[in-house]
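Enquirer: Please read through the structure below; I'll follow up with questions.
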Amino acid sequence: MIITLTLNPAVDISTTVDHLVPEQKLRCAAARYDPGGGGINVSRAIHRLGGESLAVFPTGGATGSLLENLVAGQQIDFQTVPMAGWTRQSIVVLETATRQQFRFGLPGPAWSVAEGELFLDALRAFSAPLDYVVLSGSMPPGLPVDYGAAIARIVKRQGARLILDTSGEPLRMAVQEGAFLLKPNLGELASLVGVDKLELDEVEEAARSVIRRSWCEVVVVSLGPAGALLVAGSGNTDQYACFRVPAPTVKKQSTVGAGDSMVGGMVYALSQGKSYEDMLRLGVACGTAATMNPGTELFHPDDVERLLTWINQSGKKGFLPAPDGIN
């Protein structure tokens, strides 16, 4: 069983406008509404690949009811924890004249101590065997910085594998409790190892140092246009596996949800018993495919299949032209 946790979910609204002009009334296109937030997007990705997961997230107010309807409309199993504050909204506007995308993220409601404990109780209550628990997305106001660490301890007691895709001090404190897989970008990995920035040739050693501290078994580093790098090993050995997958060049429309799509692809692959190499290939295909669609749409499975074919062939034969229809 896969559970995704989203502490700061959102109703994602996307639209387009010809020009963004200050102090003028702007006529936008009809809005698209999608369920959003890290873990919810991971569950959306898993579902699109034919897998199943349970999305657990807090909701409150009229926007919380809308979020529940949006998640249900995508046939995703979910469980909510009630909140006093209204669920936040996130807005993406594409300026058609320049093809520039503008993203406006509103703050989520502040959690009370009681609400934080209620969410942990919901996690503790699962009796079915848990295979993977994904904690993805930002932390809302009001939670202590060690809240992710509390989640990590619960997941460890339940015998599940924790996958972390968050940032900042909450990530550092959570990973010190131990996780199975981390998915940092370059900046987040640099912060974990205590440096200002990392060059590409320093990434592998930085990932190994995280594993040596027994913080996790697998690190998958997002490298942007350079694809992703996987390092796997154990804190009590010097034996490491290292594998990099390049990202196909595609015509990008939106980066919203690309990282979540990547995580969703990887978790789905793991649930199907795939190797780490195949896991990374599918993750990169899903993340790249998500950038091909506007707003908050995520990916289309047929795009994933074509990109995955290209990735598999390029890994065997070196560089190949991108498949037809995706440049």
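Enquirer: Given the conditions (1) in a loop (DSSP other than H, G, I, E, B); (2) touching a residue at least 60 places away in the same chain (Cβ under 8 Å); (3) buried (at least 19 other Cβ atoms within 10 Å of the Cβ); (4) over 18 Å from the mean Cα position of the chain (by Cα), report the number of the one that Phe119 does not fulfil.
Expert: Failing condition for Phe119: (1).
Enquirer: Test Val195 against the criterion of being open to solvent by 20 Å² or more (accessible area, probe 1.4 Å) and farther than 25 Å from Ala110 by Cα, and give yes or no.
Expert: Yes, satisfied.
Enquirer: Considering only residues that are among the hydrophobic types (A, V, I, L, M, F, W, C), out of contact with any Leu (no Cβ under 8 Å at 6 or more places or on another chain) and outside any loop (DSSP other than H, G, I, E, B), which ones fall in the stretch 194-220?
Expert: Scanning the stretch 194-220 gives a single hit, Ile211.
Enquirer: Pick from Leu181, Leu171: which is closer than 26 Å to Ser53 by Cβ and in contact (Cβ under 8 Å) with a residue 60 or more places away in the chain?
Expert: None of the other options fit; the residue is Leu181.
Enquirer: Still on this structure: Anything in the stretch 89-116 that is among the charged types (D, E, K, R), closer than 23 Å to Asp34 by Cα and over 18 Å from the mean Cα position of the chain (by Cα)? List them, or say none.
Expert: Glu95, Arg99
Enquirer: Answer yes or no as to whether Ala84 is assigned to a loop (DSSP other than H, G, I, E, B), touching a Ser or Thr at 6+ places or on another chain (Cβ under 9 Å), without any contact (Cβ under 8 Å) to a residue 24 or more places away in the chain and not hydroxyl-bearing (Ser, Thr, Tyr).
Expert: No: the conditions fail for Ala84.
Enquirer: Let me ask another. Considering Val113, Val92, which residue is on the phi < 0 side of the Ramachandran plot and exposed (fewer than 11 other Cβ atoms within 10 Å of the Cβ)?
Expert: Val113
Enquirer: Please count how many residues of the stretch 294-311 are at pLDDT 90 or above and open to solvent by 10 Å² or more (accessible area, probe 1.4 Å).
Expert: The qualifying residues number 9.
Enquirer: Hey, another quick one. Among what's in the stretch 40-49 and is in contact with a helix residue (DSSP H, G or I) (Cβ under 8 Å, 6 or more places away or on another chain) and not aliphatic (A, V, I, L, M), pick the residue that is most open to solvent (accessible area, probe 1.4 Å).
Expert: Arg48
Enquirer: Just one of Ala232, Ala241, Ala269 is open to solvent by 20 Å² or more (accessible area, probe 1.4 Å), at pLDDT 90 or above and among the aliphatic types (A, V, I, L, M); which is it?
Expert: The match here is Ala241.
Enquirer: Which condition does Lys251 not pass, out of (1) more than 23 Å from Ile46 (Cβ to Cβ); (2) touching a helix residue (DSSP H, G or I) at 6+ places or on another chain (Cβ under 8 Å); (3) in contact (Cβ under 8 Å) with a residue 40 or more places away in the chain, if it passes all the others?
Expert: Result: Lys251 fails condition (2) only.
Enquirer: Out of curiosity, is Ser222 among the hydroxyl-bearing types (Ser, Thr, Tyr), open to solvent by less than 10 Å² (accessible area, probe 1.4 Å) and within 19 Å of Ile311 (Cα to Cα)?
Expert: Criteria not met by Ser222.
Enquirer: Continuing with the same structure: Tell me the residue from Gly108, Gly73, Gly148, Gly61 that is open to solvent by less than 20 Å² (accessible area, probe 1.4 Å), modelled with pLDDT of 95 or more and of a type in the set (Gly, Ala, Ser), please.
Expert: Just one listed residue meets the conditions, Gly148.
Enquirer: Just name the residue that is surrounded by the fewest Cβ atoms within 10 Å (Cβ to Cβ) out of those in the stretch 162-173 that are assigned to a helix (DSSP H, G or I) and under 16 Å from the mean Cα position of the chain (by Cα).
Expert: The extreme case among them is Gly168.
Enquirer: Here's a follow-up. In the stretch 202-252, what count of residues is obtained for those that are β-branched (Val, Ile, Thr) and under 19 Å from the mean Cα position of the chain (by Cα)?
Expert: Here the count works out to 6.
The values are calculated or read from the model by the stated rules, or taken from the named source; none is laboratory data. All values reported here derive from a predicted model rather than from experimental measurement. Glycine gets a Cβ as well: all are built from the backbone with ideal geometry, and neighbour counts include every protein chain shown. What goes into the accessible areas is simple: the full protein's heavy atoms, side chains included, and nothing from ligands, DNA or RNA. Shrake-Rupley method; radii C 1.70, N 1.55, O 1.52, S 1.80 Å.
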